[in-house]
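A short worksheet on the structure shown next.
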Amino acid sequence: MTATESTTAEAVVALSDVRKTYELGGTVTALDDVSLSLAEGSYTAVMGPSGSGKSTLLNLIGGLDTPDDGNVRVGGQNLGAASEQERATVRGTEIGFVFQTFNLMPRLTAVENVALPLVFDGWDRTERLDRAREVLDRVGLGDRYDHEPAQLSGGQRQRVAIARALAPDPSILLADEPTGNVDTDTGAGIMELLAEINNAGNSILLVSHSRRIAEHAERIVHIRDGLIEEIETVTPEVA
Amino acid sequence: MDPRETLRIAGRSIRAHRLRSTLTVIGIVIGIASVVVFASFGASVEASVIDDIGGTDANNVYLLPASTDDEGPAGGPGLGQPVFTQHDIEQLREVKGVETVLPRGIVQLSAVEHDGQTVAQRQATATTPATFDNDSVVAGRGFRQGAAELVINERAAAAFPGNLSVGDEVTLQLASGDRETLTVVGIVSGTRGGFLSSFGDVQSRYYLPTEPYYRTTTESPTLGVDQKAYPQVTVTTAPTAVQSARAEIEAYAAESDATRLLPAGFEVVVQTSGDVVEEIQDVIDRITRFVTGIAVIALVVGAIGIANITLVSVTERTKEIGIMKAVGATNRDTMQLFLTEAVLLGGIGAVVGVPLGLLVGFGAAVYAEVSFTLPINWIVFSVAMGVTTGVVAGLYPAWRASKVDPIEALRYE
C-alpha cells in the first residue's frame, strides 16, 4: 500500500515525486522522489534517524524550503511554484509550526505570541487578541495570558506554541519533536493535547525519533536516506 | 502588516535595550543639535546684519560709476568724477515711482574752524534738503537750499571740544582757499541715500546745500551747456516700485550724460540696497552652509551608530526573525520592522536634538548679541535628516534581516 492510494478523505498535504538535494562538499540527496499524501483530519508521524531527510520533508511541507523537483501541495497551493511572499502567506495561514525548542518571542506575552501569525495575516488588533485568548483557553492556559515566556514552565511554553500554531486555524499542524525539551510527564500532557486537537478535526504531522511518541499517531512513515522505507499503520493500544 | 503593530514591536525592542538605544540616540542628538545650532546661529547673524545694513535704505537706488571689467575694486579715475549732470537729475525725477533724486557732490575742504579751534576735514558733502529725513535728525532741522546753513553728523559735532550744537557758527576753509561761514542748523545720525549710511558711520560728515556751495560743472553732452555735475546720485523710490523704477533707471542710465562723460572702461552702475544686502547675505549663507556642513559630519557619525546597532540587533535576533518568518512574516514585514526601529531611533534623535540645538543656538545668539531667528527650513531639514538617517542607516541591516533564511535562523541559538 502506498500513501497516495490510501487517501479517502481530501488530502491537505500532497507531495509527488519530490526531490531535494544540498551541496555540502558533494551533492547530498535529502529527499529522493518522495510521494506522500496526508488526509484531512489525519495524524501522521515521521520517524527516521538523523540525516534521513525528515527535517527536509518538514521544511518543504512547511513552506520554508522549495523542492528541486516535484510538487508540494498544501491546502490547495503548489508551494514549488510559489513566490517567497506566497510561501510566507501559506506559512502564516495554512501551517502551524510546533518546535522542539518552542521558539516563542521572548519579549511578547503569551497572548501576543499566539496572536503573532494573525498580525502578519492582517487581522484587526481586538479580533486577533480575542482569538489568541480563545486558543489559549483551549490549551489550558486561560490564566497565563499576560505572562512572558520566561515566566512560564517548559510545558506551558509548548502549550503557548501549540496555541500559536492553532491560532490561524491552519490546514495542518507540523510538530517537530514537540516533547524533546520537556520531561516525560509534561511530554505526556503535550501528546494528550495533540491527540485532543486531532480528535477535534485538525490534521497533524509529527516528527520524532522516539517510537513511543510516534505511536500516538494513526500511522508512522519511516524514512531513511531520503526515501520512504515503510508506512506503518498503528494499531490502537487496548489498555 | 499593521503599521501600529510594527511601531509597537519596534518600540518594544528599543526599550528592551535601554542603554544602548540611549547611546545610539545620543549620537543622533549630537549630530542634529549641531546642525540646528550652526544653522540657527548663522540665520540669526545673517538676519541681524541685514537688519543693520538694510533697514530704511531698502527703497534706495544708487547710481555710481564703476569699472566695466570685474578685476579690482570699483575705483580708479572713473569713481568720484562728476558725471551726473543736472540734466540727468531732472530726467531721473521723471521716472515713474521715483520720490526724490539726491545728488551728492564733494566740496574739498582743508579745515573747519569754530570758536578759535581748528579741526582738519578733507571734504564736505553737497546735497539737497531732501537728504534729511525726520528719523535721522537728532537736533535742529535740515538746511535750506541757498542758505548759509550746515548740517553735521554726531561724530562731527563731537570733534570739537565742548561739542558743536545747533546755532553755532562754523567757518569752512575750502581747498580753493576761500572761507565760508555757516550756521549749524541740524545734527543728524545719518542721511537718506547715504551709501549704506547707517552701517558704522564713524567719519565726521558735513552737509552743505548745493546752492550756493557746490560749483563743479561739466558740459552736458545732451544739452551742450555747462551744468552742475555730481559724482554720485541716489534715487529714493516708493517702497513698492523699487524694481520697476530700477529697470527704468537702468534704461535711462545707458543714454545718460554720465555714461557719455565717463572714460572708456567705465559705466554707470545701478544698484539697490537689496543688491548689497544680497551679496552680504550670500557670504553669510556660504559660511553658514560650510559650518553646518561640518556639523553634518556629526550626523553621519550618528548614522553609523544607528547602522551598527541595527546590525547587532539583526544578528542578535536572528532566531526571532526565523520565528516571525515561520508564522507568516514576509521579507517585507521583516524589513519593515527593522527599518522602523532604525527610523524610530533617528526620529527620537531629531525630536530631542532639534530643541536642544535651538536652545544652544539661542544661547549663542544672546551671547553674540544678535536677535535670535528661528530657521524653520533648517528645523524641517534636521527632522527630515534624522528620519532619513534612520532610513539610510537601517536600510542595509533591515535588508540583511529580510534575507535571513528561516531554516538557518530557527536552528540559531
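Points worth noting:
- Top-ranked residue in segment A:96-108 [being within 8 Å of another protein chain (Cβ to nearest Cβ) and touching a Pro at 6+ places or on another chain (Cβ under 7 Å); ranked as modelled with the highest pLDDT]: A:LEU104
- Whichever residue in segment A:85-132 is assigned to a helix (DSSP H, G or I) and open to solvent by 60 Å² or more (accessible area, probe 1.4 Å) and, among such residues, is nearest to A:PRO178 (Cα to Cα): A:THR89
- Entirely in segment B:81-178, the strands (runs of 3 or more DSSP E) that have 2 or more residues that are crowded, with 19+ Cβ neighbours inside 10 Å: B:98-114, B:123-127, B:149-153, B:169-174
- Among the numbered conditions (1) within 21 Å of A:ILE190 (Cβ to Cβ); (2) more than 10 Å from chain B (Cβ to nearest Cβ); (3) under 15 Å from the mean Cα position of the chain (by Cα); (4) surrounded by 20 or more Cβ atoms within 10 Å (Cβ to Cβ), the only one that A:LEU57 does not meet is (1).
- Checking A:HIS216 against (1) open to solvent by less than 30 Å² (accessible area, probe 1.4 Å); (2) more than 13 Å from chain B (Cβ to nearest Cβ); (3) in contact with a Leu (Cβ under 9 Å, 6 or more places away or on another chain); (4) within 23 Å of A:ILE95 (Cβ to Cβ), the condition it does not meet: (1)
- B:THR318 vs. criteria in contact (Cβ under 8 Å) with a residue 40 or more places away in the chain, within 14 Å of another protein chain (Cβ to nearest Cβ), closer than 30 Å to A:THR66 by Cβ and touching a Leu at 6+ places or on another chain (Cβ under 7 Å): no
- Residue check for B:VAL185: of a type outside the set (Lys, Arg), modelled with pLDDT of 85 or more, touching a Gly at 6+ places or on another chain (Cβ under 7 Å) and open to solvent by 60 Å² or more (accessible area, probe 1.4 Å): no
- If only residues of segment A:61-84 that are more than 30 Å from A:TYR145 (Cβ to Cβ) and facing chain B (nearest Cβ under 8 Å) are counted, the one that is most open to solvent (accessible area, probe 1.4 Å) is A:GLU84.
- Unique residue being in the same structural domain as B:THR217 (by TED's automatic domain parsing) and within 30 Å of B:VAL225 (Cα to Cα) when the list is B:ASP88, B:ASP133, B:ASP115: B:ASP88
- Tally, over segment B:130-141, of residues that are within 27 Å of B:PHE84 (Cα to Cα) and at pLDDT 85 or above: 0
- Every residue from segment B:385-400 that is in contact (Cβ under 8 Å) with a residue 60 or more places away in the chain and over 36 Å from the mean Cα position of the chain (by Cα): B:GLY394, B:TYR396, B:PRO397, B:ALA398, B:TRP399, B:ARG400
Results for (1) assigned to a helix (DSSP H, G or I); (2) over 23 Å from A:GLN100 (Cβ atoms); (3) of a type in the set (D, E, K, R), shown as yes or no for each residue.
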| residue | (1), (2), (3) |
| --- | --- |
| A:TYR145 | no, yes, no |
| A:ALA161 | yes, no, no |
| A:ALA165 | yes, no, no |
| A:LEU173 | no, no, no |
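- Residues satisfying the stated conditions in segment B:368-411, i.e. in a loop (DSSP other than H, G, I, E, B) and among the hydrophobic types (A, V, I, L, M, F, W, C): B:ALA368, B:VAL370, B:PHE372, B:LEU374, B:VAL404
- Residues that are within 14 Å of another protein chain (Cβ to nearest Cβ), open to solvent by less than 40 Å² (accessible area, probe 1.4 Å), touching a Leu at 6+ places or on another chain (Cβ under 8 Å) and not β-branched (Val, Ile, Thr), drawn from segment B:7-48: B:ALA10, B:GLY11, B:SER21
Conditions tested, residue by residue: (1) at pLDDT below 90; (2) within 17 Å of A:ILE231 (Cα to Cα); (3) out of contact with any strand residue (DSSP E or B) (no Cβ under 6 Å at 6 or more places or on another chain).
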{"residue": "A:ALA3", "(1), (2), (3)": "yes, yes, no"}
{"residue": "A:SER6", "(1), (2), (3)": "yes, yes, yes"}
{"residue": "A:ALA11", "(1), (2), (3)": "yes, yes, no"}
{"residue": "A:LYS20", "(1), (2), (3)": "no, no, no"}
{"residue": "A:LEU24", "(1), (2), (3)": "yes, no, yes"}
{"residue": "A:THR27", "(1), (2), (3)": "yes, no, no"}
{"residue": "A:LEU38", "(1), (2), (3)": "no, yes, no"}
{"residue": "A:TYR43", "(1), (2), (3)": "no, yes, no"}
{"residue": "A:SER50", "(1), (2), (3)": "yes, no, yes"}
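- Failed criterion for A:SER83 (all others in (1) farther than 17 Å from A:ASN202 by Cβ; (2) in contact (Cβ under 8 Å) with a residue 24 or more places away in the chain hold): (2)
The values are calculated or read from the model by the stated rules, or taken from the named source; none is laboratory data. Just so it is clear, the structure is predicted and the values come from calculations on it, not from any experiment. Glycine also receives a Cβ, built like all others from the backbone with ideal geometry; neighbour counts cover every protein chain displayed. Each accessible area value is taken on the protein alone, full model and side chains, heavy atoms only, with ligands, DNA and RNA left out. Shrake-Rupley method; radii C 1.70, N 1.55, O 1.52, S 1.80 Å.
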